Amino acid sequence: MNVTISPSSVAGTARAPPSKSYTHRAILAAGYADGATVRDALWSADTRATARAVGLFGGDVDRGDDGRLEIDGFDGRPDVPADVVDCANSGTTMRLVTAAAALADGTTVLTGDESLRSRPQGPLLEALADLGAMADSTRGNGQAPLVVTGPLSGGEVSIPGDVSSQYITALLMAGAVTDEGISIDLETELKSAPYVDITLEVLDDFGVDARHTEDGFAVEGGQSYAPTGGEYAVPGDFSSISYPLAAGAIAADGEGIRIEGAHPSAQGDTAIVEIVERMGADVDWDRESGTIDVAAAPLAGIEVDVEDTPDLLPTIATLGAVADGDTKITNAEHVRYKETDRVSAMAEALGKMGVETTEERDSLTVHGGDSTLEGATVSGRDDHRIIMALALAGLAADGETTIEGADHVDVSFPGFFDLLEELGVALERRA
């Protein structure tokens, strides 16, 4: 599907979709448990991949009419899957499920789509091998397809922290049900640290004790997953909140936009509220009620470090394209290893729209003051965050902006274009 955005002003109320990061962890945590109910879950292409994996490990995920997920778990002992585990486009699914597969007494094969098969898994495979499992890339390049044979019993392991925090999450979640537990020493500084904080928060909510250590993280073995009252509620997603928030900062009329469901949590992407405010938008976040009110104002370029908030880079780049002056996004090398290389993807797409950028290995500078944002046909790179960020650029561009492959928003925000229309955006979908 291609979507064409016409320049538009926006107003109204937006509801934050549930967090994708929390939903992934909650579905798998309920799988590790005897069972649980997960409320307010995001049901998207990515989270469905995690649910399918739980089913292949011997559990069952049933989604009711009210959106609740009733999950029968495999109680810490996954079956050997009867089929290949297809993680589709979900990197989170592949990392978390690879560690779960190492607990099974047999061999699991995991794969995904072309994009996922290009993403690095080597450090996690090496860590699982060091813990006693057999874990290999079929092509010997550290990328899927993967073949994992367990079971592993736990122990001590070292792993780099600057490739993906999901490796640490995977090991902590699996380590709780091993005999020995797992102690993780970080070889390098941890990137995207708030995502591990999310993991620790979810584990605690499921009754599992995991902790920071002097050199990394540790989780005791022999634990059981069991949320209080058998239920867990997923909070709103600040990665997704970044899009209506930025839309309001770019194109809100006098009424502005109110965003509901924005309650504080361990999510690093809550930083987007401060970023938009620093750039000059009128922002009021009522943390107690979970509402954010935002109105447009002249924006100015700033410098933003995305070491802990990589998913915000596309949104920040778009804000920089409409801001006066330069917006420099730093500590961004790990953002190149997402669904696509998001640094080059935003540089290329914004370039087609008349925006000057300077791309370096670990940074992207958007020269908004030296550019005129113009409508163009741009590729979404089959990446939900690139697509949504470019849709925001279309609000302020001179002329129409067509985004190719826009249906990939289903990965994290299935109702994204419906929401834009509700807020007043003129857009057209084409098959």
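Summary of values
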item	result
Shape of the range 20-233, Cα gyration tensor, a/c cut at 1.5	rounded
Distance between the range 268-307 and the range 152-224 - C-alpha centres, whole angstrom	31 Å
Contact order relative to length of the range 142-225, as percent, for alpha carbon pairs under 8 angstrom and 6 or more apart	34 percent
Crossing angle, helix 45-56 versus the chain [Cα axis fit, 0-90 degrees, rounded to tens]	10 degrees
The range 20-233, relative contact order in percent, only Cα pairs under 8 angstrom and at least six apart counted	20 percent
Mean separation of Cα contacts under 8 Å, 6 or more apart, over the residue count of the chain: relative contact order %	19 percent
Other-chain or far-sequence residues with amide H under 5 Å of residue 353's (modelled H)	none
Burial ranking of peptide ranges 375-388, 57-70, 416-429 (average Cβ count within 10 Å, highest at the top)	375-388, 416-429, 57-70
About the Cα centre, charge dipole magnitude for the chain (Lys/Arg +1, Asp/Glu -1 at Cβ), debye	820 debye
Sparse-neighbour loop sites [trypsin sites (Lys or Arg not before Pro); the range 257-296; at most 16 other C-beta within 10 Å; DSSP]	287
Helix 20-32 vs. the chain, principal-axis angle (Cα, 0 to 90°, nearest 10)	10 degrees
Placed amide H near residue 10: partners under 5 Å, 5+ positions off or other chain	252, 253
In degrees, nearest ten, helix 193-205 long axis to first principal axis of the chain (Cα)	50 degrees
Quarter of the Cα convex hull surface for the chain, i.e. its orientation-mean projected area (nm²)	18.7 nm²
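The numbers here are math on the coordinates, done by the rules we state, and not lab data. Because the structure is a prediction, the values reported are computed rather than measured. Virtual Cβ from ideal backbone geometry, glycine too; neighbours counted across all protein chains shown.
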